[in-house]
Amino acid sequence: MNDLRDLYQEVLLDHSKRPRNFGVLADADHQAVGHNPLCGDKVVVYLRMDGDRIADIRFQGQGCAVSQASASMMTESVKGKTRAEAEALFKRFHELLTGTAGPETVSELGKLAIFAGVRKYPVRVKCATLAWHTLHAALARKAETVSTE
Amino acid sequence: MSPAVDPLCSPIPRRPFDVGRVREDFPALHQRVQGKPLIYLDNAATTQKPRPVLEAIRRFYEQDCSNVHRGVHTLSQRATEAYERARETVRRFLNARSEEEIIFVRGTTEAINLVAHSFGRRYVRAGDEILISAMEHHSNIVPWQILCEETGARLRVAPINDDGELLLDEFERLLTARTRLVAITHLSNALGTIPPVREIIRLAHARGVPVLLDGAQAVAHVKVDVQELDCDFYAFSGHKLYGPTGIGVLYGKAEWLEAMPPYQGGGDMISSVTFEKTTYNRLPYKFEAGTPHIAGAIGLGAAIEYVATLGLDAIAAHERDLLIYATEAVSGIPGLRLIGTAREKASILSFTLEGIHPHDIGTILDHEGIAIRAGHHCAQPVMERFGVPATARVSFALYNTREEVDALVMALQKVREVFGL
Ligand SMILES: Cc1ncc(COP(=O)(O)O)c(C=O)c1O
């Protein structure tokens with residue numbers, strides 16, 4: 001049960017049940033659709049940019065607890081950040097999930113560090129990164145659907 | 001017509017069905033996963049293999065390894081005999097008229113592609129129609145879509161009701177003068193439904209339309225007699241029938257197979273080749289280009305013999321008991337919705353739990369040593385029909401037990417606990 005609690009922490013369950021910044025962003029100027037063909041999970045990320053800064057962000061979609069919580073917590077952590085800061089955070093988040101993150105990276109990630117529990121479940125890493133890949137595509141103004149495959 | 005005797009029973013002595021003893025035959029079942037005894041409930045994806053299958057493959061590679069149909073030496077003769085004996089075993093298993101009608105392929109997917117390609121090339125033209133059902137696996141959808149795209153034919157889909165049963169009137173309505181082929185599952189991998197295939201075949205034949213049955217799921221759970229069914233094609237995979245991966249079978253009525261052009265060109269499928277003209281080999285070799293999966297065919301033969309010693313009727317009775325027991329046991333779990341509640345079904349329990357994604361169910365059950373499938377089961381149109389992105393799927397085999405079902409129910413309660421439900 002301990003490993004399981006590492007994965008399904010209270011914060012994660014809370015975000016998956018009550019996702020923050022959920023819904024369409026009416027005045028979005030960037031958006032992208034992400035898709036995990038393995039499980040059919042889908043996420044849409046909407047952005048309103050203020051110059052280089054993410055002024056507002058919302059997401060929509062359906063998926064497992066890990067993917068929903070990850071999307072929800074991502075929106076909270078990147079709102080107000082610049083493009084470069086958001087991309088840097090994605091890089092650190094990815095390092096956390098693949099087990100290559102050093103201790104200072106983990107501290108920079110703040111609340112997102114709870115996703116370290118996903119490391120023990122390699123097939124679930126894609127669930128946790130789906131929203132981030134989609135954010136990356138939205139920032140790059142890529143119009144196409146991104147896929148975790 | 002076929003004689004009334006069970007083709008599987010006559011030559012092979014039966015052994016009484018005792019699940020405890022049967023489990024001893026499957027080495028993979030006796031391991032711990034995540035510190036817990038493995039409970040393998042993902043049999044619709046693939047089944048575990050019994051010792052006689054493992055031994056047959058090993059014996060081939062250790063003693064008889066050689067190519068087939070081409071050597072005069074002893075090993076090649078032994079390999080050829082074993083390979084052809086496996087074909088005869090498959091023939092008996094399906095009660096086909098002749099070994100000519102048994103083609104070894106990679107699996108169900110290749111069998112269906114063979115028909116789409118070869119039958120399609122010969123008989124399907126622009127404006128024609130291929131009729132499938134709304135509960136098909138992607139491998140009985142996509143080959144027909146490709147064929148339709150290439151020929152200008154049209155894919156028609158017979159709908160299902162909320163229980164996952166085929167709407168036979170709708171099916172009949174969609175059967176028209178333009179229909180060239182009906183391709184339908186014999187047991188839905190996502191829902192467990194067994195459609196009324198006899199009725200389907202009768203209706204189609206009344207209009208002169210041939211029928212392909214996708215038997216990937218059915219063969220391990222339902223007795224198949226292709227002469228009695230009178231289907232024109234039957235496709236299945238060895239690995240879902242306790243045999244190896246990479247081997248499967250296409251049964252086709254000889255009349256069709258004779259008329260169809262070859263699928264792939266190469267060695268073994270020809271009787272003579274010059275640069276001006278090539279004469280194709282006789283059936284079934286016309287459709288078996290290149291060195292086949294010899295060990296796979298031998299392993300499949302051993303798997304079929306294994307199943308026959310237990311008897312498909314005894315296996316089916318055991319699995320029916322498990323399915324009824326499990327259906328009742330899970331129905332007490334709050335928020336559980338069964339997807340697929342057809343009157344005629346077998347071996348499969350597909351469900352969702354309110355507020356919990358199937359992926360999370362799969363991960364937490366794995367933690368309890370329980371293997372199930374979570375996802376769309378290569379049947380995305382079925383998921384869409386039921387308005388769910390995915391389901392959790394439990395699928396039974398002959399070696400599963402009621403105790404395993406009890407453990408599953410306990411573990412599902414645990415899933416709800418983890419989610420604070
Ligand atoms: C109903 C059905 N048809 C076809 C297939 C494809 O079988 P294979 O992957 O062995 O070719 C499957 C396997 O999942 C199936 O369940």
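The values are calculated or read from the model by the stated rules, or taken from the named source; none is laboratory data. Everything numeric in this text was worked out from a predicted model, so none of it was measured. Cβ sites come from the backbone with ideal geometry, for glycine too, and all protein chains shown count toward neighbours. Ligands, DNA and RNA are stripped out before the accessible areas are found, and what is left, the full protein with its side chains, is counted by its heavy atoms. Shrake-Rupley method; radii C 1.70, N 1.55, O 1.52, S 1.80 Å.
Numbers at a glance
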{"quantity": "Hits in the range B:247-286 - residues which are in contact (Cβ under 8 Å) with a residue 40 or more places away in the chain and not in a loop (DSSP other than H, G, I, E, B)", "calculated": "B:Gly248, B:Val249, B:Leu250, B:Tyr251, B:Gly252, B:Ala254, B:Trp256, B:Leu257, B:Ala259, B:Tyr285"}
{"quantity": "Residue check, B:Ser76 among the polar types (S, T, N, Q) and under 30 Å from B:His137 (Cβ atoms)", "calculated": "no"}
{"quantity": "Selection from the range B:290-335 of residues that are out of contact with any strand residue (DSSP E or B) (no Cβ under 6 Å at 6 or more places or on another chain), surrounded by fewer than 18 Cβ atoms within 10 Å (Cβ to Cβ) and outside any helix (DSSP H, G or I)", "calculated": "B:Gly290, B:Thr291, B:Ser331, B:Gly332, B:Ile333, B:Pro334"}
{"quantity": "Lone unmet requirement of (1) within 16 Å of the ligand (Cβ to nearest atom); (2) over 30 Å from B:Val53 (Cβ atoms); (3) open to solvent by 10 Å² or more (accessible area, probe 1.4 Å) for B:Gly164", "calculated": "(3)"}
{"quantity": "Residue count, the range B:363-385 (criterion: more than 9 Å from every other protein chain (Cβ to nearest Cβ) and open to solvent by less than 20 Å² (accessible area, probe 1.4 Å))", "calculated": "6"}
{"quantity": "Count - residues of the range B:131-157 that are hydrophobic (A, V, I, L, M, F, W, C), within 16 Å of the ligand (Cβ to nearest atom) and open to solvent by less than 30 Å² (accessible area, probe 1.4 Å)", "calculated": "5"}
{"quantity": "Subset tally (residues that are within 23 Å of the chain's Cα centre (by Cα) and open to solvent by less than 70 Å² (accessible area, probe 1.4 Å)) for the range B:28-72", "calculated": "18"}
{"quantity": "Looking only at the range A:30-41, and only at residues there that are over 14 Å from A:Ala138 (Cβ atoms) and open to solvent by 10 Å² or more (accessible area, probe 1.4 Å), the one that is farthest from the other protein chains (Cβ to nearest Cβ)", "calculated": "A:Pro37"}
{"quantity": "Residue that is nearest to the ligand (Cβ to nearest atom), among those in the range B:215-234 that are under 17 Å from B:Thr47 (Cβ atoms) and either within 14 Å of another protein chain (Cβ to nearest Cβ) or not in a loop (DSSP other than H, G, I, E, B) (or both)", "calculated": "B:Ala218"}
{"quantity": "Flag for B:Ile270 being farther than 26 Å from B:Ile304 by Cα and within 16 Å of the ligand (Cβ to nearest atom)", "calculated": "no"}
{"quantity": "Qualifying residue in the range B:372-385 (condition: of a type in the set (A, V, I, L, M, F, W, C) and in a helix (DSSP H, G or I))", "calculated": "yes"}
{"quantity": "Residue match in the range B:338-358 (condition: within 26 Å of B:Phe17 (Cβ to Cβ), assigned to a strand (DSSP E or B), open to solvent by 10 Å² or more (accessible area, probe 1.4 Å) and within 16 Å of the ligand (Cβ to nearest atom))", "calculated": "yes"}
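This table checks each residue for (1) within 14 Å of chain B (Cβ to nearest Cβ); (2) polar (S, T, N, Q); (3) open to solvent by less than 20 Å² (accessible area, probe 1.4 Å); (4) part of a helix (DSSP H, G or I).
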site: A:Asp56; (1), (2), (3), (4): no, no, no, no
site: A:Val66; (1), (2), (3), (4): yes, no, yes, yes
site: A:Gly80; (1), (2), (3), (4): no, no, no, no
site: A:Glu87; (1), (2), (3), (4): no, no, no, yes
site: A:Leu96; (1), (2), (3), (4): no, no, yes, yes
